[in-house]
Amino acid sequence: MHGKRARSSRRQVGRQSPDEEQVQEDAPRTPTKKVRLNVAKEEEEEEIAVVGNDVEAMTSRVVTPGTAVARSASSTSGNDTDASTLADDTDTAKATDAQASPARRSLFTPPTAEPPTQVTPGREGDDTGAKRRLLFGREVSPIHVQDNVRKVYKIVRRLTGSLGGNASSGPIYGELTMGSMQKMINLMKEHTGLCAESRFIDVGSGIGKPNLHVAQDPGVCFSYGLEVEESRWLLGMTCLKGMLEAAVSESVKELSDDERIHHQCFFEKGDIRQAKSFNPFSHVYMFSIGFPPMLWIELAKIWNRSSSPFLICYHSPKDIIDTYEFDVELVTQKQTSMHGSKEGHMGYIYKRKSARSFHRAACDPLFKPAFDKVEKSAEELNDEVGAEIDQMQGTGPATRSSRRRP
């Protein structure tokens, strides 16, 4: 009973008298939605003012509807929209279409924008002048690397793989990245006068990347690497053979000095403790990470008997000067990174404290055979290196097939 009375009371409340209905029909209708389109000339912002009972005016970016869209809106708006209002809006839309570009006439087409510029990060050793942004926003300047250096590193990658060093203890043998090695060479040029007349030795040369690098830039007259481990030395000789073959093939081409591959480089298998001095080398380089203390003691004795003016290693002055008593003083230092790992080590450049006549120093007997070989032509040196590699590969352990040979 109560539910029926409530429903009947609602019907009575919702009913209107004929006089009230006539008054509402005679009164002018207020449109529930009225669109005002104001096209800005500069910013192309359009304003929508929505008129209703409790709706406030709001502003947003919209795309101006075309004439066809306005007509379709008038056919689907029903009794809630005044035809005259839509007619005015249609005229405004026509004027807007005349000013707007064709790409913006569609209601669903976003405003045209310039395509984003894709920035490719520079590679290590890029020659572009733009700085390269690192992970945390720090910017670094690109490092210039000569064309012949890039050629040599490409040969080494082809012969040793992407990690280099036959993936055998690469970091411990001082295989710096090409960019880090170039940084150290630039420091040596600036602070030690490394040039084409210099003589460079790498103690524990591994596969010989530093030697091959300085043989091209700055193109030293004698680049020598000494390695005690046979497998590493043989791999270094293979890389040297590839470099010499490229130098021979380029000998008939007209190339600049920065493009041509130079050949004044040689590797030997041996122990540095057999040397009496570091003469005739002007720059003694060693990636010293992992050197045992007893070797350091012997190296200090050899250095103090030598006339070599510059020492480049990766041990601090506390070890080199205070602990092992090298006759040197610190010149400069530089942070470096390793190839194939996340290791990083500080490189130090030292110079001899006591003044000694370097140019009159005689060549140590351990280095004399290699010193004579690099004075030959690229063809002759290539033949000697190839013969030495064949000899070493032919003296391996006996196999079943080798026993059958007469």
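The values are calculated or read from the model by the stated rules, or taken from the named source; none is laboratory data. What you see is a predicted model, and the numbers here were worked out from it, not measured in a lab. Don't worry about glycine lacking a Cβ; one is built from the backbone with ideal geometry, like all the others, and counts go over all protein chains shown.
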Which helices (runs of 4 or more DSSP H) sit wholly inside the stretch 132-239 and have at least 3 residues that are in contact with a strand residue (DSSP E or B) (Cβ under 8 Å, 6 or more places away or on another chain) and modelled with pLDDT of 95 or more? 178-192, 209-216
Residues of the stretch 193-236 satisfying the condition of being crowded, with 24+ Cβ neighbours inside 10 Å, among the polar types (S, T, N, Q) and more than 27 Å from the chain's Cα centre (by Cα): Ser223
Any pair with Cβ under 6 angstrom, 6 or more apart, that starts in the stretch 189-214 at a residue that is farther than 17 Å from Met243 by Cβ and ends at one that is hydrophobic (A, V, I, L, M, F, W, C) and part of a helix (DSSP H, G or I): Leu194/Met188; Val203/Ile272
Counting only residues that are under 22 Å from Asn304 (Cβ atoms), among the charged types (D, E, K, R) and free of Cβ contacts under 8 Å to residues at least 60 places away in the same chain, how many does the stretch 326-380 have? 7
Only unsatisfied item for Lys301, checking (1) in a loop (DSSP other than H, G, I, E, B); (2) among the basic types (Lys, Arg); (3) without any contact (Cβ under 8 Å) to a residue 40 or more places away in the chain, is (1)
How many of the residues in the stretch 280-302 are out of contact with any helix residue (DSSP H, G or I) (no Cβ under 9 Å at 6 or more places or on another chain) and surrounded by 22 or more Cβ atoms within 10 Å (Cβ to Cβ)? 1
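Matching residues to (1) β-branched (Val, Ile, Thr); (2) assigned to a helix (DSSP H, G or I); (3) free of Cβ contacts under 8 Å to residues at least 40 places away in the same chain:
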| residue | (1), (2), (3) |
| --- | --- |
| Ala247 | no, yes, no |
| Lys253 | no, no, yes |
| Glu259 | no, no, no |
| His262 | no, no, no |
Sort out which residues of the stretch 356-379 are touching a strand residue (DSSP E or B) at 6+ places or on another chain (Cβ under 7 Å) and of a type in the set (A, V, I, L, M, F, W, C), and write them in order of number. Phe367, Ala370, Phe371, Val374
